[in-house]
There are 2 protein chains.
Amino acid sequence: MTRTAIIAGQGALPRLLADRLDAPLLAELHGFPADLGGRPVQPFRLERLVPFLDHLVGQGIARVCFVGAVRRPRLEPELFDARTATLVPRLLTAMQSGDDAALREVIAIFGEWGLDVVGADALAPDLVPGAGVLTGTPSDADARDAARAAAIVAGLGALDIGQGAVVAQGLCLAVETLPGTDAMLAFVADHAPRLRPDPKGAKGVLYKAPKPGQDRRIDLPAIGPDTVRNAARAGLAGIAWEAGGLLLLDRAATLAEAGAAGLFLWAREP
Amino acid sequence: MTRTAIIAGQGALPRLLADRLDAPLLAELHGFPADLGGRPVQPFRLERLVPFLDHLVGQGIARVCFVGAVRRPRLEPELFDARTATLVPRLLTAMQSGDDAALREVIAIFGEWGLDVVGADALAPDLVPGAGVLTGTPSDADARDAARAAAIVAGLGALDIGQGAVVAQGLCLAVETLPGTDAMLAFVADHAPRLRPDPKGAKGVLYKAPKPGQDRRIDLPAIGPDTVRNAARAGLAGIAWEAGGLLLLDRAATLAEAGAAGLFLWAREP
């Protein structure tokens, strides 16, 4: 049978995934502690990536899944071992490019050790809702806002910036960048009230989708109860996403939160 | 001789421009009071656009210049006169599209009254700095950040979102949307400190440019002393823009502010 390693970043997803797997090896990038509910977890540093890869292979790991948010780590030159040092040019080039390039390079390096990188959706398909409205009722105006936001997110993808945008009444109120979805929603909460042309009109939609060119095995967008809470604080009508391209964390709690706040949740056909 | 009307929005530009013209007619959109230093100014409403256009023609106006920020106004149905009402479908279509479409429609309507819409840069070419570094010294890393930001802003232009972005160490920290440049810089000030991979590395660049497809007669990007102050608060290294495509408000004060804060100002060749 295939043993799986979870390279855990921040957020709720690593723990949800660990619950679903049989004795996974859990690792976390130094400086980015994961919440794994007290399970033993092995920290590793990019400066010692080669010994870590050897260790995974030695433990019988065949599959690796990257889940949860990680920022680009700082590299400390004196910590590199000799073999990892030979990877430095590739790592640096990747880290200076956009997210996609960096992730593709990481997948390539793991592949060279015979490790199969798989997406969280492959390990836990129940986290990916099928197409349809999960709760609430998007209005025609909401559907137009979702369509405009989807076009914006697709266009942003080509620029390798982010995986989300907020549109209200046809106007783009915010675009997701490095600080992430919650920072974007806080920005909208601060600014949107005076920007919607018709205060009684459509309140706006958060739309999330993978970048068109991205490798979906890493960094699929995700939402959970906190996203719903922050979208409600931003005064939005609901959240839409590309059906099949988003992980819904803690479905029951997320749906309950959306129901209580009167927000729709919509896995939209692209 | 040609008499000019200034349709004044918010910010410092309308007053700077009024200072440079001989007896301009000054108008402001109802609900968006302009700072014109106490000069007489005539408010108008979009619901009565046709009578306003007739009035401009009757006053011997041949040229119209739109300057300063204006948000999309709300329309009050009961205020429309009969002739402006016939323009409603065009106005609504325009207002529901992106900024560019809305502005192009406004220019078209003014043109139908024989009014020549001109850019602020045509009336006051001294407000548009020529190519070159105006103050400070962009590093090689700053130049790379400016190049990446320029590519992002060009890509955003195709989506008709905004005219600016902030990039630090190759990473896009923020993209300008409806809330504007100062809101974007406040967002960067809140989030950037923990996002720059190397705390001693490049601090980041604000880049501004017109959208690639936009009509440059309306809504050319502008910066002034406040922009510099907010960029400094966001911890940036400097401000770059597309040479020839930006209005520099109050050049002396802006340069002084940048000098005091140690920021570069760079009119970059596209």
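Numbers at a glance
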read-out	value
Radius of gyration, Dmax [region B:90-207; alpha carbons; angstrom]	18.0, 57
Size descriptor, Kirkwood hydrodynamic radius, that averages inverse alpha-carbon separations across chain A, Å	19.5
Rounded FRET efficiency, nearest 0.05, which uses the C-beta distance separating A:ASP140 from B:LEU75 and R0 of 30 Å	0.95
Chain B: relative contact order in percent, alpha carbon pairs under 8 Å with at least 6 residues between	18
Relative contact order for region A:199-248, counting Cα pairs under 8 Å that sit 6 or more residues apart, in percent	55
Dipole magnitude (debye, nearest 20) for region A:1-105, charges at Cβ of Lys, Arg, Asp, Glu	140
Peptide-level mean, for A:251-259, of C-beta atoms on other protein chains within 10 Å	0
Over chain A: helical MRE at 222 nm, DSSP H runs n ≥ 4 each giving -39500 (n - 2.57), nearest 500	-11000 deg cm²/dmol
Per-copy distances of the B:ARG251 label point, shortest first, in nm (7 angstrom along Cα→Cβ)	6.4
Accessible area buried between chains B and A, both sides summed, probe 1.4 Å, in Å² to nearest 100	2600
Average Cα contact separation per residue, region A:28-114, under 8 Å, 6 or more apart, as relative contact order %	29
Largest-first ordering by accessible area, 1.4 Å probe, given options B:VAL133, B:VAL128, B:VAL188	B:VAL133, B:VAL128, B:VAL188
Taking only Cα atoms of region B:110-172, radius of gyration then Dmax in Å	16.7, 50
Stokes-Einstein D (µm²/s) once Rh is taken as the Kirkwood radius of region A:75-153 over alpha-carbon pairs, at 37 °C in 0.692 mPa s	195
Calculated FRET efficiency for the pair B:ARG194/A:ALA122, C-beta based, R₀ 56 Å, to 0.05	0.95
Cα-derived Rg over Rh, computed across region B:18-140 with Rh taken as Kirkwood radius	1.04
Whole-Hz couplings from phi, Karplus 6.51/-1.76/1.60, listed for region B:6-15; x for Gly and Pro	9, 8, 8, x, 8, x, 8, 5, x, 5
Gain upon complete extension [B:ASP19, B:LEU92; 0.36 nm per residue less C-alpha separation]	22.9 nm
Fraction in percent of alpha-carbon pairs per bin - 20 Å, the protein assembly as shown	21, 48, 25, 6, 0
Separation of alpha-carbon centers, region B:28-59 and region A:1-57, rounded to whole Å	64
A:ARG48 versus B:ARG48: modelled label distance in nm, points set 7 Å from Cα along the beta carbon direction	7.7
Stokes-Einstein translational diffusion, region B:1-90 - Kirkwood Rh over all Cα pairs, 1.306 mPa s, 10 °C, in µm²/s	116
Number of partner chain Cβ atoms within 10 Å, mean per residue of A:150-160	4
By accessible area with a 1.4 Å probe, ligands and nucleic acids excluded, highest first: order of A:VAL64, A:VAL41	A:VAL41, A:VAL64
Calculated SAXS-style log₁₀ I(q)/I(0) at q = 0.13 Å⁻¹ - region B:132-270, Debye, Cα scatterers	-0.46
Efficiency of FRET from Cβ geometry, A:PHE32 and A:GLN59, R₀ 30 Å, rounded to 0.05	0.90
Karplus (6.51, -1.76, 1.60) ³J(HN,Hα), θ = phi - 60°, over region A:107-119, in Hz, Gly and Pro reported as x	4, 4, 5, 4, x, 5, 8, x, 8, 8, 8, 10, x
Compactness of region B:205-270 as Cα Rg over 2.2 N^0.38 Å, two decimals	1.08
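The values are calculated or read from the model by the stated rules, or taken from the named source; none is laboratory data. If you're wondering where the values come from, they're calculated on a predicted model, not measured in any experiment. A quick note on method: Cβ atoms are made from the backbone with ideal geometry, for glycine too, and the neighbour counts reach across all protein chains shown. Keep in mind that these areas ignore ligands, DNA and RNA; they rest on the heavy atoms of the full protein, side chains included. Shrake-Rupley method; radii C 1.70, N 1.55, O 1.52, S 1.80 Å.
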